[in-house]
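For reference, the structure discussed in these notes is given below.
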Amino acid sequence: MSENSSETRSKRHMGTIVIEGSSILLDINHGDRFTFARAHTSSMVKLGNVKCSLAPLIGCPFGSIFEVSKDPKGPHLVQVSQDKEIQSSNCNKTEVHGVEELDICSDRDNRDLIDDNTAQSLSELEISYMRRDGASGTKIVEALIANSASFQNKTTLSQEKYKRKKQKKHAPRIVVRCPSARSICEAYFTKEPSKIGYLRMDVLALLLSLANVGANADVLLLDELGGFLTAAVGERLGGFGTICSTYCASKVPSLGMLGLFNFTPCTSSSIFCAPLFELIQARSSISTAEGNHEVSAKGHSSTEADLHSTVLPESPLTALLPEQQTKIAGSLLDESEKILLVKGAQLETRMSKSLKASLIDSSIGFPVRVEMAAQEFSCSYQLNGEIEFPNQCTVDAKSQLQTFSLETDNLVGEGSIATVGQLDVDSQTHQLQGEIKNRTNCGFKGTDDMVHTATNAESKHDSQDKSLRAGRRASANQVAYWGRHGFSSLIVGAPEMDPLSVCKRMLPLLSPSAPFVIYHPYMQPLAECMHHLRKERMAVNLQLSEPWLREYQVLPSQTHPHMQMSSTAGFCLSGTRTV
Amino acid sequence: MLGVPRDQRTESAECLIREGDVVIVYERHDRMKQATVCKGKEFQNRFGVFPYCDWIGKPFGSRVVGKKGIGFVYLLKPTPELWTLVLSHRTQILYVADISFVVGFLEIGPGKVVLESGTGSGSLTTSLARSIAPLGHVYSFDFHELRAEAAREDFKRNGLGSLVTVAVRDIQGQGFPEDLVGRADAVFLDLPQPWLVIPHLGRYLEGNVPLCSFSPCIEQVQRTCEALTSNHFTDIRTFEVLLRSYDVRTQTFGSLSMTGVKEEIAAENLSQVRKLSGQKRGRDGLKQTEPLVMQGHVLTTEEVTNGKECIPALSSSSDIGLSKNPENTGVERNSSERIVARPYPETRGHTGFLTFARQGSNLN
C-alpha cells in the first residue's frame, strides 16, 4: 500500500493549484492562443486590447476560468463560475441542449440569409463607447445580438456559433492550466511546432512508453528538440533514476524548455548532460577491460582536442586559465568551449547586480544575442542570471556601448527583441557593467502567439542551488557508472542526424535487452537504419511506426471528426538491443 | 519488470537471467511468448527445444540455441510494452498506442494514485504500474472473480504486487469504494455503460482530476459525453489513436535506357542475382527480396542459375539510382537494390475511442 494513502491529494501534489512563482500555461479562448507565464503578482497578460495582472490567478485551482472585468482601477481578471462557462461555450463545441436535437430538421435554415455585412446595426464606434463606459464583454455581446437583424432567423446552431464568436472577441476568457509535458506539447504543436521538432502529443507519449521510461531508469537521450524530450522524460521519472542528455562535441543541447516545467529540485537534479565521446570512452574502456575506469571530465586528452578542433578558436590567443574558467557561468557547455578571448585582456562574465536583477525571470538557456564592438554573437542566458559566452567572442576592452538583447527564441517568433540595455566594459576590472531596460512594460514583442510574460521581479531562481540545476554536467563518476552498467533505454529526437549513424554509436551504450526508440520526421532514413540493424543483428523486435491521431466532436446529432487534423507527426523506429 | 534503485542493484539481478525470472522469448518478428525459467524444464516451440537451465546465468538480450543446435530464440527482459504482446488474453486488451496516449493525457507519473475499472487482462494496468512506481498505487477493479485473480497473479509474477491492488467489484453498479474519495489523481474507465457511473464520480475527481473513458462504439461515446456535459464536466475531448506499421525490405528496380528499353542487370551482378532470387527468408533477421523481373517476366530460379543470355551490362550505375552506402560490403546486396518501405496491407483499423474530461472547478 502506498505510504501516502492517508494524505489528501492537494497536500501530496503540486499540480492542483497555482503556486506563486511557478510556470503556468494560459489557454486563451479555448485553444485560440496559448501563453506561458510565471505566476508572479507583477506578471501581466495581454487579452484583446487590455493588459491584466496575473495576480488573481495565484492560489486558484488549475482549470479555473477568468475573464476581464472593467473596473475604475483598471481592467483585471475575475474568476467566472464553471456553469456560466459551460453555458456560453464548451471547448469550441456548440452547446446544444436536448431539445435542440431536432434542430437539424427544424424549419429554420439559411436560404434567405444574405451575407453582406448589413445585418448588424450597432456600429464600431458605438461598441467602443460601450466599452469605454465600462460595459462588460457579455453586455456587449448581448447588445450585438439584439441589434442583429438576421439573428432570429438563424438556426440554433448558427446562433450559438455567432454568440461564441462575439464572445471570443469581446469577452475573452482564460483558463489557467498546469504545464505538463502533454499540455506544453499540444500548445507548441498547435502554434509553433518547429520549436519542438513537430512532435505531436501522442508521438511524445508513444516515445516515452516504447522507451520504458519509468522510475529508476537510466535514460540516454539525444535531444535536439530544444530540450523538450529531456524535460518530458524528467517529468516521467520524477527524480527516480537519471537522465543523460548527450550531445556531439560541436553541438551543445539547448535545454531552454526545462524552465516551462515546474520541476522539484529532486527532478531537476536527475537531469544531466554529458558529451557523447565521454560516454563512448567510458563504455569502451569497460568492454576492452582497460585499467582505469575513471574518465576525467576536465581533462583535455588528445581525443577531446581532436573533436574540439572545429570548436576551439583559430586565434593563437590562449584559452583562459582554469581558474578563470570557473568564474564563467554555467556548466552546460564543455569546459573548453567557455573561452572568452579578448584582445590583450580577459573579461569576466560576472555581471553587476543591477544587470542581473533587471533581467527577465526566465528559464535556463534562453538564447541571448549580444552585440559588442559591432560584433554579434549568440550566447546563453542561464538560470542564475549569468551569461555564457561562446568561444570566439572577441571584445575590445575599451569599447563601449553595446546592445544587449534577449531573444527568447524558444518561445517567441524569430527576431524578437525583448529588452535593450547598455554594457560597458570597465577598463579596470574588465567587468561588464550596465543596465537592462525593458523596452516594453510587459511581454515580449513578437508574434501574437506564445508570448512569454516578463516580470521585473528579481529572478527567484538566482538562489537555486547550482548543484541541483537541471542539465548540469555529469561527473566523472556518473559517467563511469553509466559506462559500467549501460543505460536502460535510449530515445533519439534528432531530425538532422542520420539514424543509422546514431544507432551505431549509441546502441553499444545501452545495457543488454534495453529498448530504444528513434523519432524522425522522415521515414526513409529510419527504413534504412532498420534494414541495417536487422542485417547486423544489432536489435530485435524492430518496428517502424507512424502514429495517427484524430479528434472528434461529440454532440447530439452532430458527432463527427474534427474538420482539421494533423496529417503527420513523424515516424518512430523502436526495437530492443541484443547482446 | 521495474527499474530498481541504484543502491539496491546487483549486477546479476539486473542483467542475468535467474531461476524464476519471467522472460520474453522472441522467436521472430511479431512472434513472442512469455516463459518462466524453471530449472529442469524446457521451453518448446516450432523451432526447437530449449532447456531452461541453459538460460540461467546468461544476460538478457542473448541469443540462445536449442538442443542439438536446432533453432534459436532471443531472451528479452520484460517491459510493459513487451508484456502487452505476450500476455494471455482473457479479454480484449489495449495496445501500446492507446496505452501510451492514456498515460500521457492523464499525466500519470511517479507517486500518483490511479483508479481503473476494469482490469481485464492487465495490459493497461501493467503500464500504469510502471508509470506510478515507486510510491504511487493503482486500484484496479473487475467484476469477474477469476479474471481478477489471474491478473493478481500476473502482477505478482512481474514484481508489481505492491503497486497494484485488484479488487472484485462491479463499478458500474456500485461505483468506486468510499475510502478512495479524494485520493485519486486519475481515473480510467473501460466499461460497457460508463454513463451510469459518471454522475457519481464527482467526489473522486475533485481538484482538476482527469478522467478517461474507453469505448469501442460511437453510441457509447455519445451517451458518455452527454452524461459528462450534464454533470458539469469540462474539457471533454474524444480521440482516436492508431499506429501504422511499415514493412521494410529491399528491392531492385528496373530502369529504362536511352532508347526506352528496359535495362538488364549487369553480368557482374549475376552471381548476386542468383544468390538473391534463391533467398526468401523471414522478415526478422535476414533480408528478403522481391522476385526479379527481367524483360517483363519473372525470372525463375532455374533461369537465373542457368544464366539466361540476355543480360547485357548496365550502362551506368547512376541510371538506376544506386544508393550509395559506404557500409555495404557488397557481398549480400546487389548494387541496384534499394531499401524501401510501405505500410503493411492489413492494419488495425479501430480499437476504441478515448474520451477525456475533467471535473469543472468550483468558484472559491
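The values are calculated or read from the model by the stated rules, or taken from the named source; none is laboratory data. The model shown is predicted, which means the values in this text are computed figures rather than measured ones. We place every Cβ from the backbone using ideal geometry, glycine too, and count neighbours over all the protein chains shown. Surface accessibility is based on the protein's heavy atoms, side chains included, excluding ligands, DNA and RNA. Shrake-Rupley method; radii C 1.70, N 1.55, O 1.52, S 1.80 Å.
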Worksheet, complete the sentence: Within the stretch B:62-80, residues free of Cβ contacts under 8 Å to residues at least 60 places away in the same chain and surrounded by fewer than 24 Cβ atoms within 10 Å (Cβ to Cβ) come out as B:Ser62, B:Arg63, B:Val64, B:Val65, B:Gly66, B:Lys67, B:Lys68, B:Gly69, B:Ile70, B:Gly71, B:Phe72
Worksheet item: Can you tell me how many residues in the stretch A:514-541 are closer than 19 Å to A:Leu279 by Cβ and either within 7 Å of another protein chain (Cβ to nearest Cβ) or not in a strand (DSSP E or B) (or both)?
Response: 3
Worksheet, complete the sentence: Subset of the stretch A:542-555, residues more than 7 Å from chain B (Cβ to nearest Cβ) and either under 22 Å from B:Phe239 (Cα atoms) or not in a strand (DSSP E or B) (or both), comes to A:Gln553, A:Leu555
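Hey, can you tell me all the residues within the stretch B:192-222 that are in a helix (DSSP H, G or I) and either closer than 21 Å to A:Arg177 by Cβ or not aliphatic (A, V, I, L, M) (or both)? Walk me through it before giving the result.
Here is the first cut: in the stretch B:192-222, the ones in a helix (DSSP H, G or I) are B:194-196, B:198-200, B:202-205, B:218-222.
Selection gives B:Pro194, B:Trp195, B:Pro199, B:His200, B:Gly202, B:Arg203, B:Tyr204, B:Leu205, B:Glu219, B:Gln220, B:Gln222.
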Worksheet item: What do you reckon, is A:Ser148 at pLDDT 80 or above and polar (S, T, N, Q)?
Response: yes
Item to complete: Taking only the stretch A:8-60 into account, find how many residues are assigned to a strand (DSSP E or B), under 30 Å from B:Arg183 (Cα atoms) and at pLDDT below 85.
Response: 1
Worksheet item: Between a first residue in the stretch A:181-208 that is over 16 Å from B:Gly109 (Cβ atoms) and a second residue that is surrounded by fewer than 24 Cβ atoms within 10 Å (Cβ to Cβ) and among the polar types (S, T, N, Q), which pairs have beta carbons less than 7 Å apart while being 6 or more apart in sequence or on different chains?
Response: A:Arg200/A:Ser566
Response to the item:
A:Thr568 vs (1) open to solvent by less than 40 Å² (accessible area, probe 1.4 Å); (2) out of contact with any helix residue (DSSP H, G or I) (no Cβ under 6 Å at 6 or more places or on another chain); (3) more than 9 Å from every other protein chain (Cβ to nearest Cβ); (4) not small (Gly, Ala, Ser): all pass except (1)
Worksheet entry | Test: residue in the stretch B:154-164 that is open to solvent by 10 Å² or more (accessible area, probe 1.4 Å), under 23 Å from B:Arg130 (Cα atoms) and modelled with pLDDT under 90 | no
Discussion item. One residue is enough: does the stretch B:175-191 have a residue meeting the conditions under 21 Å from the mean Cα position of the chain (by Cα), outside any helix (DSSP H, G or I), under 24 Å from B:Ala357 (Cβ atoms) and modelled with pLDDT of 95 or more?
Written reply: yes
Worksheet item: Across the stretch B:223-262, what is the number of residues that are open to solvent by less than 30 Å² (accessible area, probe 1.4 Å) and part of a helix (DSSP H, G or I)?
Response: 4
Practice prompt. Mind listing whichever residues of the stretch A:218-245 are more than 10 Å from chain B (Cβ to nearest Cβ) and open to solvent by 10 Å² or more (accessible area, probe 1.4 Å)?
Written response: A:Glu224, A:Gly226
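In the set A:Ile127, A:Ile140, which member is β-branched (Val, Ile, Thr), surrounded by 13 or more Cβ atoms within 10 Å (Cβ to Cβ), touching a Lys or Arg at 6+ places or on another chain (Cβ under 8 Å) and under 27 Å from A:Leu77 (Cα atoms)? Don't jump to the end; show me each part of the working.
On the way: A:Ile127 fails: touching a Lys or Arg at 6+ places or on another chain (Cβ under 8 Å).
The match here is A:Ile140.
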